[in-house]
Number of protein chains: 2
Amino acid sequence: MLAAAVRLFNERGYDATSMFDIAESLGITKSSVYHHISGKEQLLQMAMDRALDGLFEAADEVRALDVPAPERLERLVRRSVLVLAERFEYVTVLLRVRGNTEAEQHALSRRRDFDTIVTDLVKQAQAEGGVRPDIDPATVARLILGMVNSLTEWYRPRTGGAEAIADALTRIAFEGLRTE
Amino acid sequence: MLAAAVRLFNERGYDATSMFDIAESLGITKSSVYHHISGKEQLLQMAMDRALDGLFEAADEVRALDVPAPERLERLVRRSVLVLAERFEYVTVLLRVRGNTEAEQHALSRRRDFDTIVTDLVKQAQAEGGVRPDIDPATVARLILGMVNSLTEWYRPRTGGAEAIADALTRIAFEGLRTE
């Protein structure tokens, strides 16, 4: 049900999707849908959580690694790309949310928490050495996450290739395009 | 009038903005608005053109430069950041468009043309040497433009600092974060 709802949210927009549309796309009645969930808002909440949980799990995994901060940063960037590719429809829902309800505000606040985790890791990597210290850490985090999040605009999960894109993205971010 | 309309489109969404809202925000009557333009669609079209014209002018300027392709690429990336910052509200409108009307389809097609210009410049820069040849040029273009376009999510024109962000972005893209 969640997958069906999320597909409709992304195709038509959350506001334009009704509980009836969700029921119809599953070939069940609206009252059957209400048997399982309280409403559209709960489905949105679940979808945003699925995206955010993936990102926070990645952050936890990376935090536990016994490697220098620049490497932890690189791993987290790579894992973010893979989470986005695996949970593509959920992350797409998350990134379109503008904070119109309490649930959306909560999701935006968790997104900011994730940004802060990345910013702190950039700071640590700059302090340890290995990551250039001449760019404000919050700007680094925003630009790198902006590059990751751009996948929702052009990546297509059906065609795959997430690993190759994660490689390309981390190479650009850490080594840069220039060869000389 | 265009600026007022674009502000409303970004605040409330294009669909949720009526010609009455636009008139009201200008303190004039709806019929005065219709005296100048044919409808909401025309304002959207003008807004998207303003964003796209800025990007294409930047591409033309860069094409005319007598410097190697890698430097033209870097200049175009930098100029794209500055165009986005200068025409922030217009680019934000452009990037939210999903192709629901003929005008939106036309804008999406012009966006793809711009992506192609950047992809071709990456190809040229890879062929000339100076830009790493181990990443597919279309992927490079998408990731770099994704990083640029992410500004619509977090940059605030009022606080300024576009030059510093353009510096940070081109440094990450061309030199990378790693220092060792």
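Sort shortest first the distances from B:Asp60 to its counterpart in every other copy, using label points 7 Å along the Cα-to-beta-carbon line, and give them in nm.
Here B:Asp60 shows inter-copy label distances of 5.5 nm.
By the gyration tensor of its Cα atoms, with a ≥ b ≥ c the square roots of the eigenvalues, what is the shape of the stretch A:79-133: rounded for a/c under 1.5, prolate for a/b over b/c, or oblate?
Because a/c hits 1.5 or more and a/b fails to exceed b/c, the stretch A:79-133 counts as oblate.
Which value, in Å³ per residue, describes the convex hull spanned by the Cα atoms of the protein assembly as shown?
Output value, Cα hull per residue: 152 Å³.
On the principal axes of its Cα set, how long, how wide and how thick is the stretch A:1-73? Give whole Å, largest value first.
Result, largest extent first: 54, 23, 17 Å.
Put +1 on the Cβ of each Lys and Arg and -1 on the Cβ of each Asp and Glu in the protein assembly as shown; which of A:Ala166, B:Leu151, A:Val118 then has its Cα farthest toward the positive end of the dipole?
Most positive-ward Cα: B:Leu151.
Heavy-atom accessible surface, probe 1.4 Å, ligands and DNA/RNA ignored: which residues of the stretch A:152-178 lose at least 20 Å² versus the isolated chain?
Buried by the other chains: A:Glu153, A:Trp154, A:Ala168, A:Arg171, A:Ile172, A:Ala173, A:Phe174, A:Glu175, A:Gly176, A:Leu177, A:Arg178.
Highest mean first, what order results for A:66-75, B:155-164 on Cβ atoms within 10 Å?
Ranking the peptides A:66-75, B:155-164 by packing returns A:66-75, B:155-164.
Got the B:Arg158 label distances to the other copies yet, label 7 Å along Cα→Cβ, in nm, shortest first?
Between copies, matching label points for B:Arg158 lie 4.4 nm apart.
Please list 3J(HN,Hα) in residue order for the stretch A:59-67, calculated via the Karplus relation 6.51 cos²θ - 1.76 cosθ + 1.60 where θ = phi - 60°; whole Hz, with x for glycine and proline.
These are the phi-based 3J(HN,Hα) values: 5, 5, 4, 5, 4, 6, 6, 8, 9 Hz.
So for the pair A:Glu163, A:Ala138, with labels modelled 7 Å out along Cα→Cβ, what separation do we get in nm?
Inter-label distance under the simple model: 3.8 nm.
Can you give the Rg to Rh ratio for the stretch B:128-180, taking only C-alpha atoms and Rh from Kirkwood?
Ratio of gyration radius to Kirkwood radius for the stretch B:128-180: 1.03.
May I ask you to report, in nm to one decimal and beginning with the shortest, the distances from B:Ser38 to the same position in the other copies, taking label points 7 Å along Cα-to-Cβ?
So the distances to the same position in the other copies read 4.8 nm.
With a point put 7 Å past each Cα toward its Cβ, work out how far B:Asp120 is from B:Ser18 in nm, to one decimal.
It is 4.6 nm.
Could you work out the helix-only [θ] at 222 nm for chain B, with each DSSP H run of four or more residues adding -39,500 (n - 2.57) and the total divided by the number of residues, to the nearest 500 deg cm²/dmol?
-24000 deg cm²/dmol
Take the alpha-carbon positions of the stretch B:46-175, form their convex hull, and give its projected area averaged over all directions (one quarter of the hull surface) in nm².
7.7 nm²
Grab the beta carbon distance between A:Glu153 and A:Asp53, set R0 = 22 Å, and tell me the FRET efficiency rounded to 0.05.
Step by step, r from the Cβ atoms, then E = 0.45.
Would you work out the relative contact order for the stretch B:46-175, in percent, from Cα pairs under 8 angstrom that are 6 or more residues apart?
Relative contact order for the stretch B:46-175 comes out at 34 percent.
Add +1 for every Lys or Arg and -1 for every Asp or Glu among the other residues with Cβ under 12 Å from the Cβ of A:Gln126, and state the total.
-1
Given a Förster radius of 35 Å and the C-beta distance between B:Thr179 and A:Asp113 as r, what FRET efficiency does 1/(1 + (r/R0)^6) yield to the nearest 0.05?
0.80
Could you tell me the total accessible area buried at the B-A interface, probe 1.4 Å, in square angstrom to the nearest hundred?
It comes to approximately 3400 Å² buried between B and A.
Of all the residues in chain B, which one has the C-beta that comes nearest the axis relating B to A, and what is the distance in Å?
Measuring from each Cβ to the axis, the minimum is at B:Gly176, 2.
Mind jotting down the distance between the C-alpha centroids of the stretch B:155-180 and the stretch A:65-137, whole Å?
17 Å
The values are calculated or read from the model by the stated rules, or taken from the named source; none is laboratory data. This one's a predicted model, so the numbers in the text were calculated from it and none came from an experiment. Cβ sites come from the backbone with ideal geometry, for glycine too, and all protein chains shown count toward neighbours. Note: accessible area is taken over every heavy atom of the protein model, side chains too, but ligands, DNA and RNA are not part of it. Shrake-Rupley method; radii C 1.70, N 1.55, O 1.52, S 1.80 Å.
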